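The values are calculated or read from the model by the stated rules, or taken from the named source; none is laboratory data. Fair warning: this is a prediction, and the values are worked out from it, not measured in the lab. Backbone-built Cβ (ideal geometry, glycine too); neighbour counts: all protein chains shown.
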């Protein structure tokens, strides 16, 4: 998935998102990230991995967590149900998203 930086560990990619939005308490950020990963069936071990070290399904769930970690009101996705991981439910991939998912 080209949305992830191949030269940066997953943890650093999450931290970068929070830093851009002014949240710099690293311990709190990592706690929130671990909770998000757990919701999507991923171990916190993913945080120390590079994108190429993850399976396709793990990368897919990691990108979903990156896209939803700041609880956006809308997420636009190209082919959101294209080969979804069996562990995901695309009717409501994130319980914090109020609108759910709509495919066109």
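Just a few scattered comments:
- Options 27, 16: the member that is part of a helix (DSSP H, G or I), loosely packed, with under 10 Cβ neighbours inside 10 Å, over 12 Å from the mean Cα position of the chain (by Cα) and modelled with pLDDT of 90 or more: 27
- All told, residue 8 falls short of being out of contact with any strand residue (DSSP E or B) (no Cβ under 8 Å at 6 or more places or on another chain), outside any helix (DSSP H, G or I), farther than 14 Å from residue 68 by Cα and modelled with pLDDT under 90.
- Checking 46, 3, 29 one by one, the residue that is under 15 Å from residue 71 (Cβ atoms) and either touching a helix residue (DSSP H, G or I) at 6+ places or on another chain (Cβ under 6 Å) or touching a residue at least 60 places away in the same chain (Cβ under 8 Å) (or both) is 29 and no other.
- A single entry from 40, 66 fulfils the requirement of being touching a helix residue (DSSP H, G or I) at 6+ places or on another chain (Cβ under 6 Å) and modelled with pLDDT of 90 or more: 40.
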